[in-house]
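The block underneath contains the structure these notes are about, expressed in structure tokens.
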Amino acid sequence: MSDEKRYPVPESFRQRALMDKALYQEWYRASIEDPDTFWAARAQEFLHWSKPWDKVRDGDFAQGTAAWFVGGELNASYNCIDRHLPERADQTAIIWEGDEPDDSRHITYAELHEQVSKLANVLKQRGVKKGDRVCIYMPMIPEAAYAMLACARIGAAHSVVFGGFSPEALKDRILNAEASAVITADEGVRGGRNVPLKTNADKALAGCDSVHTCVVVRRTGADVAWDDKRDLWYHEAVATASADCPPEPMGAEDPLFILYTSGSTGKPKGVLHTTGGYLLSTALTHKYVFDYQDGDIFWCTADVGWVTGHSYIVYGPLANGATTLMFEGVPTYPDASRFWNVVDKHKVNIFYTAPTAIRALMGLGDEAVTKTDRSSLRLLGTVGEPINPEAWEWYHRVVGDSRCPIVDTWWQTETGSILIAPIPGATETKPGSATLPLFGVQLGLLDPNDKELDGAAAGNLIIKSSWPSQIRGVYGDHARMLETYFATPKGVYFTGDGARRDEDGYYWITGRVDDVLNISGHRMGTAEIESALVLHEAVAEAAVVGYPHDIKGQGVYAYVDLMAGFEPSDALAAELRDFVGKEIGAIAKPDMIQFTPALPKTRSGKIMRRILRKIACNELDNLGDTSTLADPSVVEQLIEERLNR
Ligand code: 6R9
């Protein structure tokens with residue numbers, strides 16, 4: 001499409017940017033033609049190694065294996081803290097903005113060093129050691145970052161579980177990782193409401209024998225139950241701990257963390273990332289995609305429970321000695337100007353958020369934005385889902401005063417760092433396109449027969465060779481890793497996303513091609529929600545699909561077939577919604593529930609999701625091939641009920 005809108009790099013931005021088009025092209029070419037030389041140079045430049053590597057790259061895509069900087073040793077906590085101390089001890093590392101607008105704190109690199117070292121010693125005293133797993137179930141408070149870095153310091157892999165997940169979801173993740181310790185808070189605070197984290201953790205831990213320690217941060221002072229043998233208050237434990245904790249030397253391929261994410265089948269899988277490659281890619285992309293320069297204030301609004309928070313609140317920025325802002329609250333509390341008031345209060349230069357937040361704020365009107373100053377902003381970013389051009393234009397014009405470039409960044413939990421995005425001083429942008437691949441990233445598009453497509457085309461997005469922050473495994477299940485990402489076709493990484501490539505080589509992500517939903521930028525497997533629904537005594541069978549939702553991007557549409565003896569009703573629908581919320585978390589609650597006496601199935605018994613998707617999307621006159629249906633009347637009935645809604 002040649003009539004697409006284009007936004008050239010603004011001249012004022014280009015003049016002071018780190019990287020221009022010629023340099024981007026030169027680096028990209030070098031990274032593809034001679035990856036070993038390119039990545040060795042970057043690894044020297046960005047990280048401190050206590051022992052040099054023997055080999056830059058190893059592994060085999062066809063086997064689902066990858067290894068980077070083999071034989072090298074480093075520590076992520078040392079790289080994010082200690083090595084900055086000579087120059088940055090008094091520089092702010094983390095600006096914390098609390099839920100209430102008058103609540104904020106600045107944590108310097110020296111303080112970060114002290115806090116992380118003390119907590120690391122507390123964990124050590126409790127017997128947590130290199131190779132163990134520690135589960136972090138925290139609100140957005142600085143202690144969440146301390147906890148991650150303390151684990152990294154002693155060589156324990158962390159598994160951060162989003163504070164919005166239920167006790168049941170937390171338990172599954174603790175059990176899968178066989179965590180020995182949990183770090184949580186008495187309560188979280190978001191948008192003026194308290195979240196009972198310790199109570200949730202207690203429920204989860206009732207079924208987890210591997211956990212011997214639960215460290216609890218006092219956030220609100222709420223009364224919480226206590227197990228003297230297992231639980232300890234964070235403030236009491238660190239008060240007597242030594243601030244001297246030498247970082248554990250870690251192999252480049254030693255685990256740094258596990259992060260659970262939804263797939264199209266089964267329970268969420270623990271995506272495993274290792275130390276060297278992950279830290280290098282997050283630092284490199286943080287610098288060049290966000291044009292991060294010394295003294296900039298960087299704000300990523302994600303929660304540390306998601307990969308975006310790992311890579312662009314904690315590891316990337318801190319590896320670069322940056323000042324990173326961490327926000328406890330929500331965009332609309334106490335009012336719709338909150339984001340922009342925080343920008344003004346802390347003079348934020350680079351702002352990174354999700355399209356769902358942009359759409360929600362766009363719906364609340366321009367004035368909440370325009371009455372704020374925002375003149376500190378230089379660059380805006382988005383992540384998590386495709387951004388519709390209308391929201392992009394609004395973000396650019398209203399939030400960025402038509403002055404700030406926008407970087408639409410495509411990546412996944414499995415990719416560890418951004419892989420497709422504009423370099424803001426180099427790349428002309430087009431609203432809705434994540435534009436071009438970053439260094440070392442070789443993309444491809446496949447047709448339905450797995451044949452690679454040339455030139456302008458649309459198909460399944462694949463990656464053809466390894467990059468440093470690539471997923472190293474699905475925790476405890478290499479077979480699942482192979483089968484999910486590296487099996488069809490062999491020898492490439494299958495992203496699960498569809499994309500279009502235009503005549504300029506720009507990529508336009510169209511969304512998932514599997515049974516994964518993207519609700520407000522959060523990944524959720526339809527199978528997970530179905531499994532939760534059928535646990536309810538009234539539900540015989542359930543099928544879940546996505547449908548377009550104005551704010552959330554996608555909404556959850558559940559078809560429910562009831563057990564004999566139960567009647568459809570609004571009350572039952574509400575009960576099922578809450579039930580899913582309790583089983584998984586509020587983000588998984590169905591937006592629509594349609595009761596049905598049966599689900600449309602093929603004669604071999606497979607649910608015909610394609611048809612259910614069309615009905616949910618109200619595309620009723622174009623259902624496609626229905627000839628394999630066992631009982632066509634089921635579909636007629638579903639359509640009739642849909643029309644009556
Ligand atoms: C970082 C993150 C990954 C899925 C991914 C894709 C969608 C992410 C996007 C985007 C279009 C973008 N996605 N960024 N789609 N444009 N800029 O979100 O990780 O939670 O694992 O989700 O999100 O569908 O496959 P994760």
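The values are calculated or read from the model by the stated rules, or taken from the named source; none is laboratory data. None of these values were measured; they are calculated from a predicted model. Because the Cβ atoms are built from the backbone with ideal geometry, glycine has one as well, and the counts that use them run over all protein chains shown. To get the accessible areas, we keep the full protein, side chains included, count just its heavy atoms, and leave off ligands, DNA and RNA. Shrake-Rupley method; radii C 1.70, N 1.55, O 1.52, S 1.80 Å.
For this structure, a couple of remarks:
- The residues on offer are Ala479, Ala487, Ala456, and the sole one that is of a type in the set (A, V, I, L, M), open to solvent by 40 Å² or more (accessible area, probe 1.4 Å) and modelled with pLDDT of 95 or more is Ala456.
- Test result for Phe579, aromatic (Phe, Trp, Tyr), part of a helix (DSSP H, G or I) and farther than 20 Å from Ser264 by Cα: yes
- Of the residues making up the range 507-529, at least one is over 30 Å from Asp447 (Cβ atoms) and of a type in the set (A, V, I, L, M).
- Near pairs, Cβ below 8 angstrom, 6+ apart or cross-chain, from the range 298-311 (at pLDDT 95 or above) to any residue that is near the ligand (Cβ under 8 Å from one of its atoms) and among the polar types (S, T, N, Q): Cys300/Thr308; Ala302/Thr308; Trp306/Thr413; Val307/Thr261; Val307/Gln412; Val307/Thr413
- Every residue from the range 523-538 that is more than 12 Å from the ligand (Cβ to nearest atom) and open to solvent by 30 Å² or more (accessible area, probe 1.4 Å): Ser531, Val534, Leu535, Glu537
- Residues of the range 408-424 that turn out to be within 11 Å of Phe290 (Cβ to Cβ), aliphatic (A, V, I, L, M) and more than 9 Å from the ligand (Cβ to nearest atom), as a count: 1
- Set side by side, the residues Ala222, Ala243, Ala237, Ala179 differ, and just one is out of contact with any Pro (no Cβ under 9 Å at 6 or more places or on another chain), part of a loop (DSSP other than H, G, I, E, B) and either polar (S, T, N, Q) or open to solvent by less than 40 Å² (accessible area, probe 1.4 Å) (or both), which is Ala179.
- Scanning the range 372-387 for residues that are more than 7 Å from the ligand (Cβ to nearest atom) and either touching a residue at least 60 places away in the same chain (Cβ under 8 Å) or open to solvent by 30 Å² or more (accessible area, probe 1.4 Å) (or both) yields Asp373, Ser375, Ser376, Arg378, Leu379, Gly381.
- Scanning the range 99-134 for residues that are polar (S, T, N, Q) and open to solvent by 10 Å² or more (accessible area, probe 1.4 Å), we see that the one that is nearest to Asp244 (Cα to Cα) is Asn121.
- Where strands (runs of 3 or more DSSP E) sit wholly within the range 1-98, those with at least 1 residues that are open to solvent by 70 Å² or more (accessible area, probe 1.4 Å) occupy 55-58.
- Residue ID - farthest from Ile358 (Cα to Cα), chosen from residues in the range 394-405 that are touching a residue at least 60 places away in the same chain (Cβ under 8 Å) and within 16 Å of the ligand (Cβ to nearest atom): Pro405
- Subset of the range 497-519 (residues that are assigned to a strand (DSSP E or B), of a type in the set (Gly, Ala, Ser) and either at pLDDT 95 or above or open to solvent by 40 Å² or more (accessible area, probe 1.4 Å) (or both)): Gly498, Ala499
- Per this entry, Thr220 is counted among residues that are free of Cβ contacts under 8 Å to residues at least 60 places away in the same chain, among the hydroxyl-bearing types (Ser, Thr, Tyr) and out of contact with any Phe, Trp or Tyr (no Cβ under 6 Å at 6 or more places or on another chain).
- Members of the range 324-338 that are over 18 Å from the mean Cα position of the chain (by Cα) and open to solvent by less than 10 Å² (accessible area, probe 1.4 Å): Ser337, Arg338
- Condition check for Pro331 on (1) touching an Asp or Glu at 6+ places or on another chain (Cβ under 7 Å); (2) within 13 Å of Asp99 (Cβ to Cβ): one failure, at (1).
- Selection within the range 320-360 - within 16 Å of the ligand (Cβ to nearest atom) and touching a Ser or Thr at 6+ places or on another chain (Cβ under 9 Å): Phe351, Tyr352, Thr353, Ala354, Pro355, Thr356, Ala357, Ile358
- Enumeration of residues in the range 393-403 that are open to solvent by less than 50 Å² (accessible area, probe 1.4 Å) and touching a helix residue (DSSP H, G or I) at 6+ places or on another chain (Cβ under 8 Å): Trp394, Tyr395, Val398, Val399
- Verdict on Ser520 being out of contact with any strand residue (DSSP E or B) (no Cβ under 6 Å at 6 or more places or on another chain), within 16 Å of the ligand (Cβ to nearest atom) and at positive phi: yes
- In the range 354-365, the residues that are over 16 Å from Asp303 (Cβ atoms) and buried (at least 22 other Cβ atoms within 10 Å of the Cβ) form Cβ pairs under 8 Å with partners that are among the aromatic types (Phe, Trp, Tyr) and at pLDDT 95 or above, at six or more places apart or across chains, as follows: Ile358/Trp394; Ile358/Tyr395; Leu361/Phe339.
- Criterion: touching a Phe, Trp or Tyr at 6+ places or on another chain (Cβ under 8 Å) and of a type in the set (Lys, Arg) - qualifying residue of Arg133, Arg173: Arg173
- Here Val545, Val580 are screened, and the one residue that is open to solvent by less than 50 Å² (accessible area, probe 1.4 Å) and closer than 18 Å to Glu641 by Cα is Val545.
- Which numbered condition Asp291 misses (of (1) touching a Lys or Arg at 6+ places or on another chain (Cβ under 9 Å); (2) open to solvent by 10 Å² or more (accessible area, probe 1.4 Å); (3) of a type in the set (D, E, K, R)): (2)
- One residue stands out in the range 585-604 among those that are modelled with pLDDT of 95 or more and assigned to a loop (DSSP other than H, G, I, E, B): the one that is nearest to Lys171 (Cα to Cα), namely Lys589.
- The range 605-633 residues that are at positive phi and assigned to a loop (DSSP other than H, G, I, E, B), paired with ones that are open to solvent by less than 50 Å² (accessible area, probe 1.4 Å) and not hydrophobic (A, V, I, L, M, F, W, C) (beta carbon under 9 Å, 6 or more apart): Asn618/Tyr547; Asn618/Arg642; Gly624/Lys614
- Looking only at residues of the range 259-312 that are within 11 Å of the ligand (Cβ to nearest atom), polar (S, T, N, Q) and touching a strand residue (DSSP E or B) at 6+ places or on another chain (Cβ under 7 Å), we find that the one that is nearest to Tyr352 (Cα to Cα) is Thr308.
- Checking each residue in the range 520-571 for being basic (Lys, Arg) and either more than 20 Å from Ser262 (Cβ to Cβ) or not in a strand (DSSP E or B) (or both) picks out only Lys552.
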